[in-house]
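Every read-out reported here was derived from the displayed coordinates using simple, explicitly stated rules and does not represent laboratory data. Not measured: the values here are computed from a predicted model. FYI the Cβ positions are ideal-geometry reconstructions off the backbone, even for glycines, and counts take in every protein chain you see.
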Amino acid sequence: MAKAYQPVPGHVLERLQIAVLCQEQMDLHWEDEASGLSYYQRVQLLGLEQIEDADYLLASPLSTGEPIRVRLDFIRNLPTPLK
């Protein structure tokens, strides 16, 4: 059974949108939604999309170049605001 989506804070969505627009790369740590396996890879950010009631990050790992879709609440190193 799939885990219920936990919305991420608005500042995280804004930061990711800026990163996509600026074509940033990110060292991304995430858990695979289907298998539960954890991954840590440098990725090229491609976009954000909403499917049903969940937000997803579209990215391409530099090691493979194959696009992936990661649900935002499965990302373990989301950007945090600086004070």
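Quick notes on this structure:
- Put a plus charge on the Cβ of each Lys and Arg, a minus charge on the Cβ of each Asp and Glu, and nothing anywhere else: the dipole of the range 24-74 about its Cα centre is then about 240 debye.
- Across the chain, C-alpha contacts under 8 Å between residues 6 or more apart give a mean separation that, scaled by the residue count, equals a relative contact order of 29 percent.
- The range 24-74 shape via C-alpha gyration tensor axes, a/c threshold 1.5: oblate
- Contour excess over end-to-end distance, with Cα ends at residue 24 and residue 8 and 0.36 nm allotted per residue: 3.8 nm
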